[in-house]
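As structure tokens, the structure follows; a few thoughts come after it.
What follows is calculated from the coordinates using simple rules that are stated; it is not laboratory data. Since this is a predicted model, take the numbers as computed values, not measurements. Counting neighbours? That spans all protein chains shown, and the Cβs are built from the backbone with ideal geometry, glycine included.
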Amino acid sequence: MIDWKNIDTALLDMDGTLLDLAYDNWFWLQHVPAEYAKANNIAPEQSLEIIRDWINRHHGTLNWYCLDFWSDELKLNIAELKRQTGDRIALRPGALEFLRALKSSGRRVVMATNAHRDALSVKLDRSGIGEYFDELVSSHDYGVAKEDQGFWTALQQQHPFAPQQTLFIDDSLPVLHSAHQYGIGHLASILHPDSSQPKRSHTNPYPAIDLWLDVLPHE
């Protein structure tokens, strides 16, 4: 599935790729609506409808991933809510073993995430995966999400890489399309990003990783 002999740099997403997306879906579709309902004295169903509408309007933009933006919109301290619920953050099965093998292989390993720096800090603290990366890059550093070509241009300028010798793994199809458009040579998606949901049917053009142990790096 992965042509390791022609890869010298690995760019890895975090949420839904290395970490179980069940936490984020629970946080945004259950916990935040419940907190918003309490703060505004409205029914949980009404709160969820309001937040779903806001999420849909900003989907795929940097605002969608920005804790500061949502704190201002909802008048809630979203970063603090993340810290309070951090015990729910979990690695996807086999992710740690994959990271250890990737680091040991001598390849350059870079996190490329849309996560806000505050969320990234909480998740790195809880998961302990930061030590396996040479660089930790948030799209908020560049002011543009990974769905936009500007992200890849900025990443290339700050952390130069050879696109045709680079692997990028992400659970988001729009993000993978953006990476493909930029010229990343090796792309892979995730078959089961959220353990609370069924596995996806593999209908996208990129190889879909199910078990990390099946794609451990080798020469």
- To the nearest 20 debye, what charge dipole does the stretch 79-219 have about its Cα centre, counting +1 at the Cβ of each Lys and Arg and -1 at the Cβ of each Asp and Glu? 140
- According to a simple spin-label model (label point 7 Å from Cα along Cα-to-Cβ), what is the distance in nm between L96 and N40? 3.9
- Item | Amide H contacts of F133 (H built 1.01 Å from N, under 5 Å, at least 5 apart or other chain) | none
- Query: What does the charge count near N77 come to, summing +1 for each Lys or Arg and -1 for each Asp or Glu among other residues with Cβ under 12 Å from its Cβ?
  - Reply: -2
- Label point distance in nm, N204-K75, each placed 7 Å from Cα along Cα→Cβ: 3.8
- Note on the structure: So the FRET efficiency between Q84 and N56, C-beta based with R0 = 25 Å and rounded to 0.05, is 0.45
- Between the stretch 126-156 and the stretch 69-107, what is the C-alpha centre distance in whole Å? 14
- Query: Is the shape of the stretch 92-219 best called rounded, prolate or oblate, per the rule: a/c under 1.5 gives rounded, else a/b larger than b/c gives prolate, else oblate, with a ≥ b ≥ c the square roots of the Cα gyration tensor eigenvalues?
  - Reply: rounded
- Note on the structure: Sorting Y36, L167, N114 by the position of each Cα along the dipole of the chain (Lys, Arg +1; Asp, Glu -1; all at Cβ), the one nearest the positive end of that ordering is L167
- Which of the pairs K75/K199; K75/K103; K5/K82; K103/K146 have their Cα atoms more than 32 Å apart in this structure? K75/K199; K75/K103; K5/K82
- Please state the charge dipole magnitude for the stretch 1-160, taken about the Cα centre, from unit charges on C-beta atoms (+1 on K and R, -1 on D and E), reported in debye and rounded to the nearest 20. 340
- Task: Determine the equivalent ellipsoid of the chain by diagonalising the alpha-carbon gyration tensor, then write out the semi-axes as square roots of 5 times the eigenvalues, largest first, rounded to whole Å.
- Result: 31, 18, 16
- Would you look at the GNM of the chain, springs on alpha carbons closer than 10 Å, and say which of T153, T17, T113 moves the most? T153
